[in-house]
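Engineer: Take a look at this one; I'll ask things after.
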Amino acid sequence: MNAHTPIMVSEVLAVLKPKDGGIYVDGTFGRGGHAQAILEAAATTVFGIDRDPAAITIGAELGRRSGGKMHILEGHFGDMRALLKSAGVAQVDGVLLDLGVSSPQLDDAARGFSFRADGPLDMRMSGDGPTAADYINQAGEEELADTIHDLGEERHARRIARAIIEARAEKPVMRTGELANIIRRKVRKSKDGIDPATRTFMAIRIHINDELGELEKGLSAAEHLLAPGGKLAVISFHSLEDRIVKNFLRDRAQGGAGVSRHMPIATEEKMPSFKLIKRGVIKPNAAEISVNPRARSARLRAAERTDAPVAH
Ligand SMILES: C[S@@+](CC[C@H](N)C(=O)[O-])C[C@H]1O[C@@H](n2cnc3c(N)ncnc32)[C@H](O)[C@@H]1O
């Protein structure tokens, strides 16, 4: 129940190129699979961040056994600059983000992420803030529909939101099983056999944990923290996440002058703060997908920090 198979480890190491004496941030520590791989690749120091207290408990034990090589910080990777500062670190050689939830989070019914096993409708990665049940029982119909549509890319979002409103008028929706059944009664299984509840659960989870807002903050924090030549590697599992990473890197890897329409002379020279290590995404190979189906939708993007100042 506590296992999580890390995704695309060799591809991540090929990007980060851990070096002796280097300092690396694993912003999504989970069960530490990637962090361990970075520690084993060279004489590095790794700072592992996670917002999940269960990940922190296990990470702290690994940290104690690492001989001072692995340090665990509880918090959001969007706040990594402040977290690292409190540990006395102002600059690092690599940042990894392996987004989304871990297998132990999904597999533990009590965390409320899974529609397969019944549990309380929680879905918080950390123990703080409103739960999925709070949101499902309080949000207006239009807001629910927009969230399910935009974050779940669910075309039946309006029908599902209506069904939730009708169900909660009878009694509050408090269990993952109840929510899944409300959706299954309204939406048929697709031809590929994917459970009709999949997209709605993903949307609510992304919303509850502000995953897209965190990603924007994390990318910007990495831009500040990385030393020239430092590497950024981001694995995403969702097209909205991947788009944010792609647009961020495209913006930061683009140089050139900012030219005003009214004043056709270069106003401000913008130097690229990142250079792409590879154009486009790096995908897992077929062998990995065959042993770990979760890898199927993984997309890795990677870039190297230049010595230009932070773009914004
Ligand atoms: C896919 S798992 C990472 C697995 C990890 N790479 C490993 O090898 O075990 C994602 C982890 O990131 C954490 N996480 C997600 N978003 C976070 C955020 N904004 N700040 C801190 N941790 C976050 C989750 O709690 C989860 O443990």
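The values are calculated or read from the model by the stated rules, or taken from the named source; none is laboratory data. Computed from a prediction, not measured in an experiment: that's the story for all the values here. Ideal geometry is used to build each Cβ from the backbone, glycine not excepted, and the neighbour counts take in all protein chains shown. In case anyone asks, the SASA skips ligands and DNA or RNA and just uses the protein heavy atoms, side chains included. Shrake-Rupley method; radii C 1.70, N 1.55, O 1.52, S 1.80 Å.
Engineer: Using only Cα atoms, find the angle between the long axis of helix 141-152 and the longest principal axis of the chain, and express it within 0 to 90 degrees, rounded to the nearest 10.
Structural biologist: Compared with the principal axis, the helix lies near 50 degrees.
Engineer: Report, to the nearest 10°, how far helix 53-64 tilts away from the longest principal axis of the Cα atoms in the chain, using its own Cα long axis and a range of 0 to 90°.
Structural biologist: So the inclination is approximately 40 degrees.
Engineer: With a sphere of radius 13 Å drawn around the Cβ of GLU223, what net charge do the other residues whose Cβ falls strictly inside it have (Lys, Arg +1; Asp, Glu -1)?
Structural biologist: Numbers: positive: ARG81, LYS217, LYS231, ARG252, LYS275, ARG305; negative: GLU216, ASP251, GLU304, ASP307.
Taking every other residue near GLU223 into account, the sum is +2.
Engineer: Share of the chain's accessible area from carbon and sulfur, percent, 1.4 Å?
Structural biologist: For the chain, the apolar C and S fraction of the accessible surface comes to 51 percent.
Engineer: List the pairs from LYS191/LYS217; LYS217/LYS270; LYS186/LYS246; LYS19/LYS85; LYS217/LYS275 whose alpha-carbon separation is above 27 Å, in the order I gave them. List each step's numbers first, then the result.
Structural biologist: Numbers: LYS191/LYS217 37 Å; LYS217/LYS270 21 Å; LYS186/LYS246 35 Å; LYS19/LYS85 22 Å; LYS217/LYS275 19 Å.
With Cα atoms farther than 27 Å apart: LYS191/LYS217; LYS186/LYS246.
Engineer: A follow-up question, please. As an exercise, use a Förster radius of 30 Å and the Cβ-Cβ distance of ALA117 and ALA286 to find the FRET efficiency, rounded to the nearest 0.05.
Structural biologist: E(calc), rounded to 0.05, equals 0.50.
Engineer: Continuing with the same structure: Report the extension gain between ARG175 and ALA110 in nm, rounded to one decimal, defined as 0.36 nm multiplied by the number of residues separating them, less their alpha carbon distance.
Structural biologist: Gain on extension, ARG175 to ALA110, equals 22.4 nm.
Engineer: Let me ask something else. Treating the angle as unsigned and between 0 and 90°, give the value, to the nearest 10°, between the Cα long axis of helix 176-186 and the longest Cα principal axis of the chain.
Structural biologist: Once rounded, one gets 70 degrees.
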